[in-house]
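To start, the structure under review is shown below, and the notes come after it.
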Amino acid sequence: MLITSESGNFVNKKAMKSFFNISICFLLIAFTPFLANAQSEKLVQDIRGVIVDKQTQIPLPGANVALLDISPTIGAISNEDGEFRLSDVPLGRQTIQVSFIGYNSAVIRNLVINSAKETVLYIELEEKVYETGEIIIRANQQKGSALNQMASVSARSFTVEEASRYAGSREDVARMAMNYAGVSGANDQRNDIIIRGNTPSGILWQLDDVEIPNPNHFAATGTTGGPVGMLNNNTLRSSDFYTGAFPAEFTDVFSGVFDLNMREGNNEQYEFLGQVGFNGFELGAEGPISKSDKSSFLVNYRYSTLDLFNKLGIDFGTTGIPRYQDISFKVNFPMKKGKLSWFGLAGKSSISMLDSEENSSDLYAYDGMNLENGSKSLVTGLNYSLSHNDDAYSKFIFSYVYQNNSTDIDTLSEQSIPSPYYQEDNAEDRLSFKYIYNKKFNRRLSSQSGLTIDRLGFNLSTRMIDDGWKELLNQKKSLADGTTLYRAYTQFVYRFSDRFEVKPGLSASYLGLNESFALEPRFGMTWKSGNNSSLNMGYGMHSKVQSMATYNLESWYDNGSTSMTNINLDFTKAHHWVLGYDAMLGDEFRIKAETYYQYLYDIPVEQEPSYFSMVNTGADWGLNTVDSLINAGKGWNYGLELTLEKFYSNNYYFLITTSLFDSKYTGSDNIKRNTAFNNNFVINALLGKEVKLNEKSTLVFDLKVTWAGGKRDTPINLEASENSMDAFPTTYYEDQAYSIQLPNYLKTDVKIGFRKDGKKISQVWEFYIENVTNHDNILYRTYSRSKNKIEDIYQLGFFPLMNYKIYF
């Protein structure tokens, strides 16, 4: 039985308009005193940080650090702990260069320096390779390339400043990634990431080496996206994003990877943050625990803006107020031969959409039903890094993850009396140990190996009315009684020269639940064809376990008996091949092209001939699984991606990405079909400009245009829908699954910002308009019982937002 709903889509235009008007008044009243802090003295700030060897993480004393494009020159040399400080740095955007004998130089650009917050950096340098008879000097690491030395293709780094800068991103790293080549969003309601036509459930989220099931509020079982992200930009530092052929360390994934890093708090002075906007009211603090041993803390808390206004008695004309709150923290303790850190991320959310309420203008409520949805999650990890000597270090990570998703649906009688129809309360937890060992044998050869042991527990309860309550899921296992997933990997980097390197690797996974085993070879190669260009190749075999809900789903027989027919499912597997070219055109322009082919196999499909395949998981919001599955499905993804990027300089930037792709699959009926995510093309164009008004004030303008192929859909059987007695009456021609394509998606977003620095306070005002042209983009089509017709449900229209941030 497949249960779907659209309860994750809860944008109310009336509520947003009221929220926008109230926010303007609130901000003008609350923050007017700060508008007048116009000091006459020159404002400066410090840039400081630590410089380490990229392979061994050993501090590099004696490295040179210089601020570029400024006179007189400001410079520093790192101390015995690799630490440096640049004092009296002018405010605004700055660039620094770091150099060290025997290492490739690094240039860090677009550092936004403000008066109320120090800029603290963690800089990794890569050692050069010397060849007999000559020294080959290679250019600086190409901008935007991955931080991970094991990555060759389909990977790029991103900064927190980028996640905050792009129009339409809402300071959400997932929505930011939708601008990159190979990535498709085309859904204003949720931040599910669709990479190269793959299911969003194939995404791996990782924070400080701890895997996170779904870092979003209003999460659904088996999904990786949601309407509101929990990850907080204010706590992150530069991180990596992957779209295919991943390094060997990433297992249990076949679609894409977010490898996120949480920054450490300031260990010298206390700093505070206040923020209010669409994402919520937010407070943050950081500072030293002990200045003598350089330990620090970082904490941020956020609460739903709409819920707070609702509690103040402001009526938004709906019962469907999204309620959520989250907290993130990190404490860090440097030690003699390493460091110990502890971090956490927790949140909860709920929303009620009640058609039984008398308010007929309630835009959240669904026709003839009440729906309540909620989620809770907790991630915490203890990370200990130990340096063995000058060429090796280890990491020990202990973590615990918990996630709970619940949905209750009641159908309504003609008198609006609710009757239970569907109830879901699924919880999963995981206790993990991870060990990572990095070794640099010499200038040419280095390696990384690791072992992960996950103990999996769950409490799954899903049922629906079908001649009485029918249990779809009713399984519970504590961590002590649960199953275990074992994973191990090793990967090497051998650099024949500064121009040519290869990266072979191997991963292995074993699931104790049904003794499934997967061995995954990986390989990468990079050849620098010029000082500023490279040809890259990558291959990987990737495997992913099924969700615990899929393994434990009950299959019902006519005599009333049940069995778990999915318990012996194998991993879903995929082969990825990628060929790419990357070049810098001058100092600021980058062009990148990649072509890829993916072959997916062992995809769970139904035993009886049908169109169903788990490759389409995530196309609908809900349980997204069925019983009686076998590993017989296949899939094919191939495409071409182009990126033209001008990194920020001379007060402007732009990013243009084009993705052309095709995504097909076969179910158990052996008919080759489009996947639900086969949009065929995505084009993004972003442009930003800054205008410096004076030493303390800057205007910021950002624009984004997205044009993408429409969502794949299945024709609705109007006659069958009219005669349906189900709570969700929409009935489809299943033999024509995903055979039609909705109209193309077009959306233009703009953002206008203003930054102002005072002596002790820095402020940022941002005003957004999403879909500024008010273009009609179809979210989905459905049959309306009350209107007795098929109608289009649209995404966001003209949608104003605003955000205010203060550092002090």
Only one of these conditions is not met by S201: (1) open to solvent by less than 10 Å² (accessible area, probe 1.4 Å); (2) closer than 30 Å to D454 by Cα. Which number is it?
(1)
Among the residues of region 480-501, the number that are open to solvent by 40 Å² or more (accessible area, probe 1.4 Å) and over 21 Å from A248 (Cα atoms) is 3
Name the residue, out of A632, A593, that is at pLDDT 95 or above, in a strand (DSSP E or B), open to solvent by less than 40 Å² (accessible area, probe 1.4 Å) and small (G, A, S).
A593
State all residues of region 712-732 that are open to solvent by 70 Å² or more (accessible area, probe 1.4 Å) and under 26 Å from S184 (Cα atoms); if no residue qualifies, say none.
Y732
Candidate set from region 770-792 (those that are of a type outside the set (A, V, I, L, M) and in contact with a helix residue (DSSP H, G or I) (Cβ under 7 Å, 6 or more places away or on another chain)); member that is surrounded by the fewest Cβ atoms within 10 Å (Cβ to Cβ)
N788
Going through region 424-473 in order, the residues found to be open to solvent by 40 Å² or more (accessible area, probe 1.4 Å), of a type in the set (F, W, Y) and assigned to a strand (DSSP E or B) are F433, Y435, Y437, W469
Breaking point among (1) in contact (Cβ under 8 Å) with a residue 60 or more places away in the chain; (2) in contact with a Ser or Thr (Cβ under 7 Å, 6 or more places away or on another chain), for A583
(1)
Do we find that F798 is within 26 Å of I671 (Cβ to Cβ), among the hydrophobic types (A, V, I, L, M, F, W, C) and open to solvent by 40 Å² or more (accessible area, probe 1.4 Å) in this structure?
no
Restricting to region 466-513, and then to whatever is small (G, A, S) and within 27 Å of the chain's Cα centre (by Cα), can you tell me which residue is farthest from T572 (Cα to Cα)?
G505
Within region 402-444, track down each residue that is in contact with a Leu (Cβ under 7 Å, 6 or more places away or on another chain) and among the hydrophobic types (A, V, I, L, M, F, W, C).
I409, L431
Can you pull out the residues in region 208-224 that are assigned to a loop (DSSP other than H, G, I, E, B) and of a type in the set (A, V, I, L, M, F, W, C)?
F218, A219, A220
Take region 99-120 and flag every residue that is open to solvent by less than 30 Å² (accessible area, probe 1.4 Å) and closer than 22 Å to N267 by Cα.
L111, I113, N114, S115, A116, E118, T119
Give the number of residues within region 761-791 that are more than 20 Å from E282 (Cβ to Cβ) and part of a loop (DSSP other than H, G, I, E, B).
11
All but one of (1) modelled with pLDDT of 80 or more; (2) open to solvent by 20 Å² or more (accessible area, probe 1.4 Å); (3) charged (D, E, K, R) hold for K143, so report the exception by its number.
(1)
If L260 passes every condition in (1) assigned to a loop (DSSP other than H, G, I, E, B); (2) under 15 Å from the mean Cα position of the chain (by Cα) but one, which one does it miss?
(1)
Extreme residue, farthest from F496 (Cα to Cα), among residues of region 389-407 that are open to solvent by 70 Å² or more (accessible area, probe 1.4 Å) and at pLDDT below 90:
N389
Specify which of the listed residues (D81, D69, D88) is at pLDDT below 85, in contact with a strand residue (DSSP E or B) (Cβ under 7 Å, 6 or more places away or on another chain), surrounded by fewer than 16 Cβ atoms within 10 Å (Cβ to Cβ) and not in a helix (DSSP H, G or I).
D69
So which of G265, G284 is of a type in the set (G, A, S) and outside any strand (DSSP E or B)?
G265
Of all residues making up region 316-338, the number that are under 27 Å from the mean Cα position of the chain (by Cα) and at pLDDT 90 or above
10
From the list A574, A593, exactly one residue is in contact (Cβ under 8 Å) with a residue 40 or more places away in the chain and in contact with a helix residue (DSSP H, G or I) (Cβ under 9 Å, 6 or more places away or on another chain). Which is it?
A574
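The values are calculated or read from the model by the stated rules, or taken from the named source; none is laboratory data. What you see is a predicted model, and the numbers here were worked out from it, not measured in a lab. Because the Cβ atoms are built from the backbone with ideal geometry, glycine has one as well, and the counts that use them run over all protein chains shown. Heavy atoms of the whole protein, side chains included, go into the accessibility calculation; ligands, DNA and RNA do not. Shrake-Rupley method; radii C 1.70, N 1.55, O 1.52, S 1.80 Å.
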